[in-house]
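*Asks:* My structure is below; once you've seen it, I'll send some questions.
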Amino acid sequence: MTDKNETQATTEAEGPRNFLRDAVAADLAAGRITKVITRFPPEPNGYLHIGHAKAMCIDFGIADEFGGFCNLRFDDTNPTKEEQEYVDAIRTDIRWLGFDWGSHEHFASDYFEQLYEFACELIGKGLAYVDDHSADEIRSHRGTLTEAGLESPCRTRSAADNLDLFRRMRVGEFADGAKVLRAKIDMAAPNLMMRDPVLYRIRHAEHHRTGTAWCIYPMYDWAHGQSDAIEGVTHSLCDLAYEIHRPLYDWFIANLGIFPSRQIEFARGNITYTVTSKRRLLQLIETGRVSGWDDPRMPTLCGLRRRGVPPEAIRRFWKDVGVAKRENNIEVGLLEYYMRNHLNKVAPRVMGVINPIKLTITNYPEDQAEELDAVNNPEDASAGTHKVPFGRQLWIEADDFMEDPPKKFFRLSPGREVRLRYAYFITCNEVVKDEAGKVVELLCTYDPATKGGDAPDGRKVKATLHWVSAAHAVPVEVRLYDRLFSVENPTDVAEGQDWLDNLNPESLTVLSTCFVEPVAGQLGVGSTCQFERLGYFCVDPDSTASKPVFNRTVTLRDAWTKEQTKGR
RNA sequence: UGCCCGGUCGUUCAAUUGGUAGGACAACGGAUUUUGGGUCCGUCUAUCGAGGUUCAAGUCCUCGCCGGGCAGCCA
């Protein structure tokens, strides 16, 4: 009874069901396995991105849910593309996201010897052969989607000859591309993956871990499933792209008689206004569209981190999105919702003015100064309060004033009274303009009786404005980010069109004349805060002692802007 | 053209495995509010199509339609 209830509670706490969990649970229930082991298998040839985060949430999440563990396995079987630098970056990003693989770290390259032996075994069984064909010949012999392929003349070589040739491939007797080892399956198979796939290719290249110990390297299909088996991985969860590889995955297991890992595929998560293909991300960098892999507009984990996106938001996003097998394109607005949702609970509030206009309180004594109490987080009383200096001259947001306001504009305008947050009610009496007619200063009066922000007589104001005391303001740079692309599906382009044309020219706005209150000026790199009414911000590594730089992670929900842009 | 996989509100994931189509986000109302934030309450138009099996079909069967994937010595 209690057991059942607990099980149920856990299931509910973990969210809705999905086919992956059902499959794992079924395997456990059927006794096919007794412990769940999954794996997250990045190739160390680039940086992890938001899409990898989904895979991690699934791989680590499923293992954790069933009391098992998840191996981190670097799929380093192609020496020409992989580097130690990426291994380090990947470890950092996984930890940052919040996953811990403990001692379960592996490299496919650790299994090169074992993989070689497996290959010899297959050769011995007459199920693999050395082919002298060139890459071009192999391709042309593969057949097409509708026609069977042609068998290579090498296919009939004896096991002894194949074994000898394969050994000589290993010791470096042949040049790159001279020979390959192929599985002997079926050149007429309707699934092209089964038409004698290549298992090993010759590459006289230095590997970031094995150096020059090897000059033959296993292909993905030969390395992945066997690595899974070696590690006892019970469930190898991967992208739908590998669906057609599964028959081959199973064929190797069956013919080698090794641990029967089960591959199950799920749909990758696409996000609107975003691209994640490594090739495209690289192109963005190489063409100077973004500053690098960690540009805050990039969907890479290092980019999101620099942007100030909390890892909790990413994990929660993928968890709640769920997993299925159909193609999807998730609204980026959902990710933003989880960012705000998390940041709202943890980000300290400060005041910062990013588009300043001067405001002078004409009836505030020249020499007077005071410190007011500001709440650190209205969502969390335990966060306490801090002091914010006030004075005769202030910076307020230019957007918060309109000389000739439309009906629904609640903020400051001539003759109107508003509240300065945590301070006083003020009324705008006069507008100072420059020669060009641009408003450069607002002359206001304040009501000393409203200190703290409430009027003793109970009168109300329709707006509360944020502000920064000019005498105490810390000058900072603020970088505003918008979507990198201006269309939902950036890679959907007509013939002759370039996906780069879909870039949003206004994805980055640098504001160099901004002011924040003193406590905000002291935040360290990576710190997150909310600029009241403007959004969540994060201190960028580009910050210097004299000039902090803030990245806007995401805006607050903004009913006013929405109202304004309604009818366009 | 061959094989494989998919098709449920605008988006995404569910539906006790054949039994009242539900959640989240978005949107739209309202309340509250010292952030046009937040919170709370409410509303919200979906099973690709046609047959069939059944007391009962999103779920099973048949035939269509639509979308995606596959011909690297990449992973």
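Nothing in this text is a laboratory measurement; each read-out follows from the coordinates by a stated rule. All figures in this text were calculated on a predicted structure; none of them were measured in a lab. In this analysis, Cβ positions are derived from the backbone assuming ideal geometry, glycine residues included, and neighbour counts consider all displayed protein chains.
*Asks:* In whole angstrom, note down how far apart the Cα centers of segment A:430-493 and segment A:171-216 are.
*Replies:* Result: 64 Å between the Cα centres.
*Asks:* For the pair A:Ala205 and A:Glu85, what calculated FRET efficiency results from E = 1/(1 + (r/R0)^6), where r is the Cβ-Cβ distance and R0 = 22 Å, to the nearest 0.05?
*Replies:* In this case the efficiency is close to 0.85.
*Asks:* While we're on this one: Within 10 Å, count the other beta carbons around each residue, average over each peptide in A:434-446, A:349-361, and list them highest first.
*Replies:* Put in order of decreasing packing, that is A:349-361, A:434-446.
*Asks:* Taking only Cα atoms, what is the 0 to 90° angle, nearest 10, from helix A:246-256's long axis to the longest principal axis of chain A?
*Replies:* Once rounded, the angle reads 40 degrees.
*Asks:* Using the alpha-carbon centroid of each, what span in Å lies between segment A:396-424 and segment A:507-568?
*Replies:* Going from one Cα centre to the other spans 21 Å.
*Asks:* Rounded to the nearest 5, what % of DSSP beta bridges with both residues in chain A are antiparallel?
*Replies:* Bridges in chain A that DSSP calls antiparallel: roughly 70 percent.
*Asks:* Which is farthest toward the positive dipole end of segment A:384-537 among A:Ala463, A:Thr450, A:Val474, measuring Cα position about the Cα centre, with Cβ charges +1 (Lys, Arg) and -1 (Asp, Glu)?
*Replies:* Toward the positive end, the furthest listed residue is A:Thr450.
*Asks:* Here is a further query. In what order do A:Arg167, A:Arg21 fall by count of nearby beta-carbon atoms within 10 Å, going from fewest to most?
*Replies:* A:Arg167, A:Arg21
*Asks:* Hey, another quick one. Rounded to the nearest 500, what is the 222 nm mean residue ellipticity of chain A from helices alone, with -39500 (n - 2.57) per DSSP H run of 4+ residues and division by all residues?
*Replies:* After summing the helix terms and dividing by the residues of chain A, the value is -8500 deg cm²/dmol.
*Asks:* If we sort A:514-520, A:452-458 on the protection proxy, mean other Cβ atoms within 10 Å, highest first, what's the order?
*Replies:* My ranking of the peptides, most packed first, is A:514-520, A:452-458.
*Asks:* Okay, next question. With charges only on Cβ, +1 for K and R and -1 for D and E, what is the dipole size of segment A:29-162 about its Cα centre, in debye, rounded to 20?
*Replies:* 540
*Asks:* Rounded to the nearest 20 debye, what is the charge dipole size of segment A:223-370 about its Cα centre when +1 sits on each Lys and Arg Cβ and -1 on each Asp and Glu Cβ?
*Replies:* Roughly 180 debye, rounded to the nearest 20.
*Asks:* Just how large is the dipole of chain A about the Cα centre, in debye to the nearest 20, putting +1 at every Lys and Arg Cβ and -1 at every Asp and Glu Cβ?
*Replies:* 800
*Asks:* Also, quick follow-up: Considering the options A:Thr212, A:Trp251, A:Ile138, tell which one lies farthest towards the positive end of the dipole of chain A, charges being +1 on Lys and Arg and -1 on Asp and Glu at the Cβ, about the Cα centre.
*Replies:* Of the options given, the answer is A:Trp251.
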